[in-house]
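Trainee: So that we are looking at the same thing, I have put the structure below in structure tokens.
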Amino acid sequence: MLNSMYSGVSGMRGFQTKLDVIGNNIANVNTVGYQKSRVLFEDMLSQSVAGNSVNSMQVGLGSSVSAINMVDSPGSPMTTGVQTDLSIQGDGYFRVQAEGGTEYLARSGSFQLDPEGNLVTTQGYSVLDNLGNPIENIGQISSINAAGQITYTDNNGNPQQTINLGIGTVPNPAGLNKVGNSLFLETEKSGVAAEGLPEGSRVVAGQLEMSNVDLTEEFTEMIVAQRGFQANSRVITTSDEILQEIVNLKR
């Protein structure tokens, strides 16, 4: 069987994966805190061909997906005027906690106060402070400064208390694991998150970070993936025609 046919199949599979990633990026173009992904390819093993050439004589056996990386570039800011809507300009992730105790990282800072005065995400997850404790017993927020400090009055009316938002930074953001709901989990590849707002970063209240998806770039990549898929399908068709000619030699 012709190797070109299998090379074409591997190329089609790779570009199908690329189209899947592009489709997901476009679907999340308006998702708060979403960070887009990209696909990287690599060539597969090459078969050595016998010969007396000075240089190696090798025939490639197709391509495969080498990585699907998350791109952690900042998204466009959207001003909401809601005091509990927060964004991080620069590096860093908000720390949140699910009911079962699992901690997540999030770029989406769409927070709100529940009836008990707990600062929670739109999914009801607790927002953590810099000590890893849920932020609760808040009656009214006075201000949230650029350092991530919340000045508030508690439910008992005691004024001017301050608490620091829990913000973590990982060595390799591309290694984080997406778990849905615009949340991320630390992995061995991402490294352990260090507590604190990085130097040069700041928290902005009344503003959300939108998706970092660029539609112009995504549609351009979609065209490239579509043409790549078509070209590889043409390789399979041509290989099939050659095989048909070989079969017809006996007639």
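Nothing in this text is a laboratory measurement; each read-out follows from the coordinates by a stated rule. In this text, all values refer to a predicted model and were calculated from it rather than measured experimentally. Neighbour counts are summed over all protein chains in view; Cβ atoms, including those assigned to glycine, are modelled from backbone coordinates with ideal geometry.
Trainee: Step through the residues of region 97-104 one at a time and calculate ³J(HN,Hα) from phi using the Karplus curve (6.51 cos²θ - 1.76 cosθ + 1.60, θ = phi - 60°), rounding each to whole Hz and writing x for Gly and Pro.
Mentor: Whole-Hz 3J(HN,Hα) from phi for region 97-104: 9, 7, 4, x, x, 6, 9, 10.
Trainee: So how tilted is helix 215-248 from the main axis of the chain? Cα-based, degrees 0 to 90, rounded to 10.
Mentor: 20 degrees
Trainee: If you filter region 141-206 for GluC sites (Glu not before Pro), then keep DSSP loop positions with at most 15 other Cβ within 10 Å, what is left?
Mentor: Values: sites: 186, 188, 195, 199; in loops: 186, 188, 199.
Qualifying residues, ordered by number: 188, 199.
Trainee: Moving to a separate point now. Over the chain, what relative contact order in percent results from Cα pairs under 8 Å that are six or more residues apart?
Mentor: On the way: 536 pairs, mean separation 66.1, N = 251.
Relative contact order comes out at 26 percent.
Trainee: Which peptide among 201-211, 121-131 comes first, and what is the full order, when sorted by highest mean count of other Cβ atoms within 10 Å?
Mentor: Working: 201-211: 19.2, 121-131: 17.6.
In decreasing order of mean packing, 201-211, 121-131 become 201-211, 121-131.
Trainee: Only Cα pairs under 8 Å and at least 6 apart count here; give the relative contact order of region 77-209 as a rounded whole percent. Before the final figure, lay out each step's value.
Mentor: On the way: 333 pairs, mean separation 44.1, N = 133.
Computed over region 77-209, the figure is 33 percent.
Trainee: Rounded to whole Hz and in sequence order, give me ³J(HN,Hα) for region 156-166 from the Karplus expression 6.51 cos²θ - 1.76 cosθ + 1.60, θ = phi - 60°, writing x for Gly and Pro.
Mentor: 3J(HN,Hα) across region 156-166, in whole Hz: 8, x, 6, x, 6, 9, 10, 9, 9, 5, x.
Trainee: Once you place label points 7 Å from the Cα toward the Cβ at residue 50 and residue 230, how far apart are they in nm?
Mentor: Between residue 50 and residue 230, the label points sit 4.2 nm apart.
Trainee: Here's a follow-up. If I take all pairs of Cα atoms in region 77-209, what percentage of them are more than 17 Å from each other? Don't skip to the end; give the middle numbers.
Mentor: On the way: 4902 of 8778 pairs.
Here the long-distance tail beyond 17 Å is 56 percent of all Cα pairs in region 77-209.
Trainee: So what are the radius of gyration and Dmax for the Cα set of the chain, in Å?
Mentor: Values for the chain (Cα only, Rg and Dmax): 25.6, 97 Å.
Trainee: Counting only pairs 8 or more places apart or on different chains, how many lysine pairs in the chain have C-alpha atoms closer than 21 Å?
Mentor: Numbers: 18/36; 18/178; 36/178; 36/189; 178/189.
Taking the Cα cut-off of 21 Å, the pair count is 5.
Trainee: Could you let me know the centre-to-centre spacing of region 10-25 and region 131-164, using Cα atoms, in angstrom?
Mentor: 46 Å
Trainee: Does anyone have the angle between helix 3-27 and the longest principal axis of the chain? Alpha-carbon axes, 0 to 90°, nearest 10?
Mentor: Helix 3-27 sits roughly 20 degrees off the main axis of the chain.
Trainee: Here's something else I'd like to know. With the chain treated as a Gaussian network of Cα nodes joined by springs under 10 Å, which of 148, 75, 60 yields the largest mean-square fluctuation?
Mentor: It is 60.
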